[in-house]
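Input: a single structure, listed below in C-alpha cells.
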2 protein chains.
Amino acid sequence: MTLPHFSTKDRILYAAEELFAQQGFASTSLRQVTSRADVNIAAVNYHFGSKENLVNEVFRRRMDDMSRERLAALQRAVEAHPGQLEPILAAFVEPALAMAQDRHGGGAFIRVIARAYAESNDSLRKFLSDQYGHVPREFAKALVGCVPGLGKEDLYWRLDFLSGALTYAMADFGLIKRPAGVSEANHRQRAAKALIRFAAAGFQADAS
Amino acid sequence: MTLPHFSTKDRILYAAEELFAQQGFASTSLRQVTSRADVNIAAVNYHFGSKENLVNEVFRRRMDDMSRERLAALQRAVEAHPGQLEPILAAFVEPALAMAQDRHGGGAFIRVIARAYAESNDSLRKFLSDQYGHVPREFAKALVGCVPGLGKEDLYWRLDFLSGALTYAMADFGLIKRPAGVSEANHRQRAAKALIRFAAAGFQADAS
DNA sequence: GTCTATAGACGGATAGAC
DNA sequence: GTCTATCCGTCTATAGAC
C-alpha cells in the first residue's frame, strides 16, 4: 500500500500504524516501516527525530480525534437524553467503533491502542495518562447521575471493565471470529451494540 | 531477586516472567533475563534451546495450573449450582485472581497474559490457542443452559467481554488505583467480586 | 528533502574448554 | 552444567553528497 498522493511524512505514519498494530512497537523496525511506506530509511529520523517520537506521533494523530469525539458525543448525549445510561455508554463506545471502521488504517489503530495498554513501558503509559486521562474521568462524572446508589469505587471498576471489554473485542482478541458472510463493518457494529447492552445491564447491577 | 535455592532453570523462568510482564517479550533480551537471574548468558540456550521456547515455557508453567483449576471449578459449580450463572462466572474469574495473588510471581504472570493477547505474533498465539482454547469453549457450553434465549453469537461476544474486562482489571491497566489503606489481596478480591456481579447482569441482559 | 554509506551498539545463538 | 569468547545478523541513528 504505497499511497503515492500522500506526503512522505504521512506515508510513514500510515505504514508505522499498520505495522505497530500487527507486530507491536518493539518488534517493528524502522526498516520495515520505511520499506512499507516506500521511503528511504533516513526519512524517519529526518521527519520524526527518533523511533520513540514516531510512536508518540502515531498515537497523537488518532487519539486526539477519538478523545475529542468521545467528549463531544458525551455532551450531546447528556443534553439530549438526561439521566439515561445507554446514550452515555454509546458515546464512549461508538467513537472507537468509528475509528475502527475508518478507511485509512483506523482499524489498525484500535489494535495499536490495545497494544499500548499492554506494551507500554512507563514512558508511553505516562504519555497516555497525562494526555488522555481526563476523558474517562468526564464519563465517570456523567455516569454518577445515571446510576443512583452506585458508589464511586464500583463506578470506576465498571468503567475499567467497559474499557477492557471494548479494547479486547475491537482488537479481535477473543473467541469470536467474523463469519464469512458478514462484512467487517457489520461485524464491529454488532459488537458495539452487544457491548453497550451488556455494559448497560452491568452498570445497573446492584452494588457488590 | 536471586532466589539462590532455586535451580538455574527455575531462576531463568522467574526472571523471564517478571521482565516479560514489565517490558513485553520482544523488548526483553536474553541478556537481561540471565543478568537478573544471575546465571550465565549461555544457560538459556542450554536449558530452553531458544528464546521462543523460553516464552512458551513461561506460559506453560502457570497456564496449565490455571486452566486445570478453571475447569475443575466449572465442574464443581455446575454440579453444586445447576443452572446458576454467578458460580460459573466465579469459576472463570477466581483462578485468575488466585494466580494474581500467588506468592512467587504469579501476579506478574497476569500481566504476561495481558501482553500475550496484544503482542503474540502468530507462533505464540497458535501455541496458546492449541494448548488452552478448549477452556473458554467448555465455559460457553456450560453457560448456554443458564441464559435461556441467548443466541450463540451473543454468548460468545459476552464471554469475550468478560475475558477483556478480567484481563484489563487484573493487570491494573485501568483508572482504578489501589488506595493506600487497602492491601493488594483485598483490592483484587474486590475487583473480582465487582466483575462477577457486573458480568452476571450483563449476561442476563436481553439479546441485542 | 532525499539519498548512500556507515558508525556503533546490541541482539540471539553457538563452539569448545573446564 | 557452567563458563568465556565469538560469530553474525539487525538495529537506530547520523554524516555528508546531491
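The values are calculated or read from the model by the stated rules, or taken from the named source; none is laboratory data. Predicted model, so just to flag it, every value in this text is computed and none were measured. Note: ideal-geometry Cβ built from the backbone for every residue, glycine included; neighbour counts use all protein chains shown. Accessible surface areas use protein heavy atoms only, side chains included; no ligands, DNA or RNA. Shrake-Rupley method; radii C 1.70, N 1.55, O 1.52, S 1.80 Å.
The residue pairs whose first member lies in segment A:32-61 and is within 11 Å of DNA strand D (Cβ to nearest atom), whose second member is of a type in the set (F, W, Y), and whose beta carbons are closer than 7 Å, counting only pairs six or more residues apart or on different chains, are A:L54/A:F48; A:V55/A:F25. The number of residues in segment A:27-45 being outside any loop (DSSP other than H, G, I, E, B), open to solvent by 20 Å² or more (accessible area, probe 1.4 Å) and near DNA strand C (Cβ under 9 Å from one of its atoms) comes to 2. Only a single criterion out of (1) polar (S, T, N, Q); (2) in contact with a His (Cβ under 9 Å, 6 or more places away or on another chain); (3) not assigned by TED's automatic domain parsing to the domain that holds B:F173 is not satisfied by B:S67, namely (3). Take the conditions (1) crowded, with 20+ Cβ neighbours inside 10 Å; (2) at the interface with another protein chain (Cβ under 9 Å from one of its Cβ atoms); (3) modelled with pLDDT of 90 or more; A:K193 misses just one of them, which is (1). Taken across segment B:166-182, residues that are part of a helix (DSSP H, G or I), open to solvent by less than 10 Å² (accessible area, probe 1.4 Å) and at the interface with chain A (Cβ under 7 Å from one of its Cβ atoms) do not occur at all. All conditions but one from (1) in a helix (DSSP H, G or I); (2) among the polar types (S, T, N, Q); (3) open to solvent by less than 10 Å² (accessible area, probe 1.4 Å) apply to B:Q22; the one that does not is (3).
The single condition among (1) open to solvent by less than 30 Å² (accessible area, probe 1.4 Å); (2) within 16 Å of DNA strand D (Cβ to nearest atom) that A:A108 does not satisfy is (2).
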